[in-house]
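The values are calculated or read from the model by the stated rules, or taken from the named source; none is laboratory data. Nothing here was measured: the structure is a model prediction, and the numbers come from that model. Please note: Cβ atoms are built from the backbone with ideal geometry, for glycine as well, and neighbour counts cover all protein chains shown.
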């Protein structure tokens, strides 16, 4: 029976760390971009400009993402490595709820209840979600390069 420890560490990491790096690739080559995220319903929600390179190259296409805890010791490196797809999120109950939770997580005061319109007007950003299809928890404390697959 698989241990639940990697899944618990996964949850601890996504609760403690606020940024995720997205890696995409297009005609001009590979690219990476950090985003602030909210994890819920097996999705990593984030806001970005529709004109940003990681969205232009990544929306609807395979890409990679990583989340890691910063530590000064190599043997304490710990993180999450993922492959998946970025999807633009259409307005609806799920996305409105996610946008509200995102604003609360990052202490962004939103006047009224229309979170999606607020982010679009204030930051020229839209809501996207990274949907992972493969997730690995990597933990050098268990041995250099040790990683275990996580089932969400």
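Return the pairs, sorted by first residue and then second, in which the second residue is at pLDDT 95 or above and outside any strand (DSSP E or B), the first residue lies in segment 18-32 and is farther than 11 Å from residue 55 by Cα, the beta carbons are less than 7 Å apart, and the residues are 6+ apart or on different chains.
20/37
Yes/no matrix, rows are residues, columns are (1) touching a helix residue (DSSP H, G or I) at 6+ places or on another chain (Cβ under 8 Å); (2) in a helix (DSSP H, G or I); (3) in contact (Cβ under 8 Å) with a residue 12 or more places away in the chain; (4) more than 22 Å from residue 64 (Cα to Cα):
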| position | (1), (2), (3), (4) |
| --- | --- |
| 122 | no, yes, no, yes |
| 136 | no, no, yes, no |
| 148 | yes, no, yes, no |
| 151 | yes, no, yes, no |
